[in-house]
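K.L.:
Quick one: the structure is below, questions incoming.
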Amino acid sequence: MFKFAAAVALAGALLSGAAVAQPAKPTVVLVHGAFADSSSWNGVVEILRKDGFSVVAAANPLRSVSNDAAYVSDVVGSIAGPVVLVGHSYGGQVISTAANGHDNVRSLVYVAAFAPDAGESVADLAGKFPGGTLSGALAAPVKLSAGGVDLYIDQAKFHDQFASDVPAEQAALMAAAQRPVTEAALTEKSGEPAWKKLPSWFVYGTGDKNIPAAALGFMAERAGSKRTVVVDGASHVVMVSHPEKVAELIEEAAK
């Protein structure tokens, strides 16, 4: 009887130890795209944190693919455990580069995002399929003293172009706080993308006017997306208007 009780106690201790030794959930690193900022992830962050995930919403510089990817790569390199990299719009090109060379990156999630192949730019992919109207919604470029120009969306056109399924008052705040991207960043060619080695997930809306849904579907299929979620009528900022759907897919990619 004593031996049986001891065996049961030992088994219980081992099971308890195994439960304690379960690996921690990966850290989710969120990378915003052009004409947005880190606050665009607020709804997603709230859900992920509630579900026990550590989250970093990186401040994407939006200066050049190589520069931005190096910055995000440094962020990833500072994290000891596994990472799920998530990119929105131009941020998809950034994570496709930043993930290279990091063994701790477990998966990639593209949120209404570009997933270029080697030798492709955001501008190339944006014009690959009809339906995009971004060029007609841009404000006059801001000339930079160091050379080149910054691009913004005209605030009067921001709601319809970028965030049509977001309340007008919220879209107005987003328009005023939008982060510009350099024209050079949008035309810079990609190197070998990480999605060729890492599993990827995609989510986008059929109402996206920045990147046509046909282009997003093409990139998802080409990357061998594990699961693609298409949200009917959702705008380019699907993570703002449908944070629960985006968070759910990120959590799936984290398993």
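K.L.:
Report the residue, chosen from Val230, Val94, Val86, that carries the largest GNM mean-square fluctuation when the chain is represented by alpha-carbon nodes joined by springs under 10 Å.
P.N.:
Highest fluctuation among the options: Val230.
K.L.:
Rank Phe53, Phe202, Phe162 by mean-square fluctuation in a GNM of the chain with C-alpha springs under 10 angstrom and give only the top-ranked residue.
P.N.:
Phe53
K.L.:
Now for a separate question. Would you mind checking the pairs Lys189/Lys209; Lys143/Lys197; Lys25/Lys245; Lys50/Lys128 and listing those with alpha carbons more than 29 angstrom apart?
P.N.:
Going by Cα-Cα distance, Lys143/Lys197; Lys50/Lys128 fall outside the 29 Å limit.
K.L.:
By the scheme Lys and Arg +1, Asp and Glu -1, what is the net charge of all other residues having a beta-carbon under 14 Å from that of Gly148?
P.N.:
In short, -1.
K.L.:
Which shape class applies to the stretch 110-199: rounded if a/c is under 1.5, otherwise prolate when a/b exceeds b/c and oblate if not, where a ≥ b ≥ c are the square roots of the Cα gyration tensor eigenvalues?
P.N.:
oblate
K.L.:
Starting from the Cα of Lys50, step 7 Å along the direction of its Cβ; do the same at Lys128; then give the gap between the two resulting points in nm.
P.N.:
3.6
K.L.:
Here is a further query. Can you give the convex hull volume of the alpha carbon atoms of the chain per residue, in Å³?
P.N.:
135
K.L.:
Just want the ordering: Arg106, Arg63, Arg49, from fewest to most Cβ atoms lying within 10 Å of their own Cβ.
P.N.:
Listing Arg106, Arg63, Arg49 from fewest to most nearby Cβ atoms yields Arg49, Arg63, Arg106.
K.L.:
With labels modelled as points extended 7 Å from the Cα through the Cβ direction, what inter-label distance (nm, one decimal) is found for Ala177 paired with Ser145?
P.N.:
2.8
K.L.:
Given the options Gln178, Gln170, Gln155, state which has the largest fluctuation in a GNM of the chain using a 10 Å cut-off (strictly under) for Cα springs.
P.N.:
Gln170
K.L.:
Report the charge-dipole magnitude of the stretch 24-253 in Debye, nearest 20, computed about the Cα centre from +1 at each Lys and Arg Cβ and -1 at each Asp and Glu Cβ.
P.N.:
Dipole size: approximately 300 debye.
K.L.:
Of His102, Ser164, Phe129, whose Cα points farthest to the positive end of the dipole of the chain (charges on the beta-carbon: +1 Lys, Arg; -1 Asp, Glu; origin at the Cα centre)?
P.N.:
His102
Just so you know, all these numbers are worked out from the coordinates, no wet-lab data involved. As the structure is a computational prediction, the values presented were derived from the model and not from experiment. Every residue, glycine among them, receives a Cβ derived from its backbone with ideal geometry; neighbour counts consider all protein chains shown.
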